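Encoded as structure tokens, the structure appears first; notes follow it.
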Ligand SMILES: *Cc1c(COP(=O)(O)O)cnc(C)c1O
């Protein structure tokens, strides 16, 4: 029987092969929001090491206890949801990578906490490519100045751009725009692609896929 994890990797490998990319360029982040610890452990046993959560409290509840690990490895935790400035200290303590950096106040807070804790996390800048007022993310217009602030003034490690296309639109132009912006600013990574559109995202250069529903499909069907 093929597990959802194996199935997704087959699809990733196929999509990468179709556009001449190496599958090793792609990191799969299992988005475990709303999932039980048991479902996370199942994926962990299958070899999954990168996990994403969009809320700090939920991540703390599920990931503070270590996962069974004979080889001593631990999960790489990615914060993929909005981060409030007052919760930055806890986020820096728990996560290994931030995908939702989107404003100067948050950038300044992250720098001071990283220095205080001596934990320097790579960050993706989230870009609101659809200009959706209800969604977080830096606007395309503000991006050049924001990147300059983060890198040159604050010395943050900006590893790439993160995007979340409008749910009702074709994601392809949004992925293309994000890729173009990353290239323009010499940023190596692109956090884009979810359960419904990750193959399209791979074609546009995604390096970090954030997949929830499709990976935890068996649980979804049973409920
Ligand atoms: C929930 C979530 C995902 C995963 O979405 P699925 O459609 O379940 O794969 C990806 N990115 C963000 C920011 C999310 O909140």
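What follows draws every value from the coordinates through simple rules; no lab data is involved. Predicted, not measured: the structure shown is a model, and the values here were computed from it.
Computed over the range 17-74, relative contact order equals 33 percent, with contacts defined as Cα pairs under 8 Å that lie 6+ residues apart. Counting only DSSP H runs of at least 4 residues, each contributing -39500 (n - 2.57), and dividing by the residue count of the chain, the helix-based mean residue ellipticity at 222 nm comes to -11000 deg cm²/dmol.
For the chain, relative contact order (Cα pairs under 8 Å, six or more residues apart, normalised by length) works out to 20 percent. Taking 166, 75, 133 as the candidate residues, the one with maximal mean-square fluctuation in a Gaussian network model of the chain, Cα springs under 10 Å, is 133. Which of 115, 126, 14 moves most in a GNM of the chain, Cα contacts under 10 Å? Of 115, 126, 14, the Gaussian network model singles out 115 as fluctuating most. Overall dimensions of the range 1-90, expressed as equivalent-ellipsoid semi-axes from the Cα gyration tensor (√(5λ), whole Å, largest first), are 26, 17, 12. Centroid-to-centroid, using Cα positions, the range 100-157 and the range 159-193 are 15 Å apart. With both residues required to sit in the range 1-99, DSSP beta bridges show an antiparallel share near 0%.
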